[in-house]
Amino acid sequence: MNRMQELLYPDDPAEVRPRQTLESGTPGVNPINAPDDLLQWLRSGWSDLWQAPVALLHGLVVSAAGVFLLWATWGQPWLGVALIFGFLLLGPVLAVGVNDLARRLERGERTGFRTGLGAIAELGGAAWIFAAGLAALFLLWASFVWLWIGVMNVGTIGGPAASPAILGTPPAVLWAMLSTPQGIVSLIGAMAAWAVFALAVFALSVVTLPAMLDRRRGLVDAVATSLRALRSNLVPLLFWGLIITALFAAALVTGFIALIVIFPWLGFAMWHGYRAMVRRDDAVKSGDASALVHG
């Protein structure tokens, strides 16, 4: 009993240890300003892209995957929407090769397609665990959407007038959905669900892969760093998320062809965003140690 009291109420205040949280031990985070800092990331990313044009090959691979998804699901738009949105949610993992090219440019090291691809192997199982976590979120979202569409259209799916809302070309499906109250509510619900899950993925991944490449501290540390960055710069990073969404929407209008340039451009830009927000370990150690706790 006395031992328990000593642990709960130590005589020496110095014996009281600070409360440990998920963010304990993560680097401090610098404040950023929108839109100036965000535009600077884009400018720096654009410059990097043409210093290491090999990154366009990464964009070509991602663009080809997007084009294939469009082609394979053209007659099944709801399946296509689910797969394409899932494809976009996995974007941070797909961009790890470009992040590595940005890191090598920063260090003055050689860049190449194989060196970028080697980043995934360099991160080991942590990258695959993170990808699996994002895939699980995607499956949760896709399951909700299919359930939502089924519930909202019960009694109409399968009818001659309602079948275009499920099968057909994307323009025909969109017109069919907008022509009925159930279809409109279905679209709103699906988009709202995507926004919620996209925000969750964004929070978990905004700087996770760059942090894993840079800090070599594991997945939990990197995710905690990402959450801390978002918490400290919520409004600017939400604007950043809107920029990413707008650029991907522009790529979708081009049938994903524009991803050849947009994808590596954003990968380079996000590395500069990581550098601008997250303090380097050596800077933290030589500065105020309280930055580890209070940022």
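The values are calculated or read from the model by the stated rules, or taken from the named source; none is laboratory data. Note that this is a predicted model, so its numbers are computed, not measured. As a convention, Cβ positions derive from the backbone with ideal geometry for all residues, glycine included, and neighbour counts pool all protein chains shown.
Scan ALA289, ALA283 and give me the residue that is within 23 Å of PRO31 (Cα to Cα), modelled with pLDDT under 90 and not in a helix (DSSP H, G or I).
Working: ALA283 fails: not in a helix (DSSP H, G or I).
Going through ALA289, ALA283 in turn, just one is within 23 Å of PRO31 (Cα to Cα), modelled with pLDDT under 90 and not in a helix (DSSP H, G or I): ALA289.
Can you tell me which of PRO160, PRO164 is at pLDDT below 75 and surrounded by 14 or more Cβ atoms within 10 Å (Cβ to Cβ)? Reasoning before the result, please.
Numbers: PRO160 fails: surrounded by 14 or more Cβ atoms within 10 Å (Cβ to Cβ).
Selected residue: PRO164, the only one of PRO160, PRO164 that is at pLDDT below 75 and surrounded by 14 or more Cβ atoms within 10 Å (Cβ to Cβ).
Please specify each residue of the stretch 178-196 satisfying the condition of being within 17 Å of the chain's Cα centre (by Cα) and surrounded by 15 or more Cβ atoms within 10 Å (Cβ to Cβ).
The answer is ALA193, TRP194.
Kindly indicate whether LEU199 is surrounded by fewer than 19 Cβ atoms within 10 Å (Cβ to Cβ) and either in contact with a helix residue (DSSP H, G or I) (Cβ under 8 Å, 6 or more places away or on another chain) or modelled with pLDDT of 85 or more (or both). Can you show your working first?
Values: surrounded by fewer than 19 Cβ atoms within 10 Å (Cβ to Cβ): yes; either in contact with a helix residue (DSSP H, G or I) (Cβ under 8 Å, 6 or more places away or on another chain) or modelled with pLDDT of 85 or more (or both): yes.
Yes: the conditions hold for LEU199.
Of the residues VAL261, VAL223, which single one is in a helix (DSSP H, G or I), over 14 Å from the mean Cα position of the chain (by Cα) and of a type in the set (Val, Ile, Thr)?
Numbers: VAL223 fails: over 14 Å from the mean Cα position of the chain (by Cα).
Sole residue among the options that is in a helix (DSSP H, G or I), over 14 Å from the mean Cα position of the chain (by Cα) and of a type in the set (Val, Ile, Thr): VAL261.
Output the number of residues of the stretch 103-144 satisfying the condition of being closer than 14 Å to PRO264 by Cα and touching a Leu at 6+ places or on another chain (Cβ under 9 Å).
The first filter runs over the stretch 103-144 and keeps only residues closer than 14 Å to PRO264 by Cα, leaving 103, 105, 111-113, 116-117.
Then drop every residue that is not touching a Leu at 6+ places or on another chain (Cβ under 9 Å), which leaves 103, 111-113, 116.
Counting residues in the stretch 103-144 that are closer than 14 Å to PRO264 by Cα and touching a Leu at 6+ places or on another chain (Cβ under 9 Å) gives 5.
Please report, ordered by residue number, the helices (runs of 4 or more DSSP H) entirely within the stretch 82-153 with at least 2 residues that are closer than 26 Å to LEU242 by Cβ and either at pLDDT 80 or above or within 17 Å of the chain's Cα centre (by Cα) (or both).
Details: elements: 91-94, 96-107, 113-123, 125-152.
Of the helices (runs of 4 or more DSSP H) lying wholly inside the stretch 82-153, those with at least 2 residues that are closer than 26 Å to LEU242 by Cβ and either at pLDDT 80 or above or within 17 Å of the chain's Cα centre (by Cα) (or both) span 91-94, 96-107, 125-152.
Please tell me if PHE263 is aromatic (Phe, Trp, Tyr), under 30 Å from VAL54 (Cβ atoms) and in contact with a Leu (Cβ under 9 Å, 6 or more places away or on another chain).
Values: aromatic (Phe, Trp, Tyr): yes; under 30 Å from VAL54 (Cβ atoms): yes; in contact with a Leu (Cβ under 9 Å, 6 or more places away or on another chain): yes.
So PHE263 passes the test.
For the stretch 197-217, enumerate the residues that are on the phi < 0 side of the Ramachandran plot and either among the basic types (Lys, Arg) or without any contact (Cβ under 8 Å) to a residue 12 or more places away in the chain (or both).
Those that are on the phi < 0 side of the Ramachandran plot and either among the basic types (Lys, Arg) or without any contact (Cβ under 8 Å) to a residue 12 or more places away in the chain (or both): ARG215, ARG217.
Does LEU79 fit the bill of being surrounded by 12 or more Cβ atoms within 10 Å (Cβ to Cβ) and modelled with pLDDT of 90 or more?
Values: surrounded by 12 or more Cβ atoms within 10 Å (Cβ to Cβ): yes; modelled with pLDDT of 90 or more: no.
Considered against the rule, which asks whether it is surrounded by 12 or more Cβ atoms within 10 Å (Cβ to Cβ) and modelled with pLDDT of 90 or more, LEU79 comes out as no.
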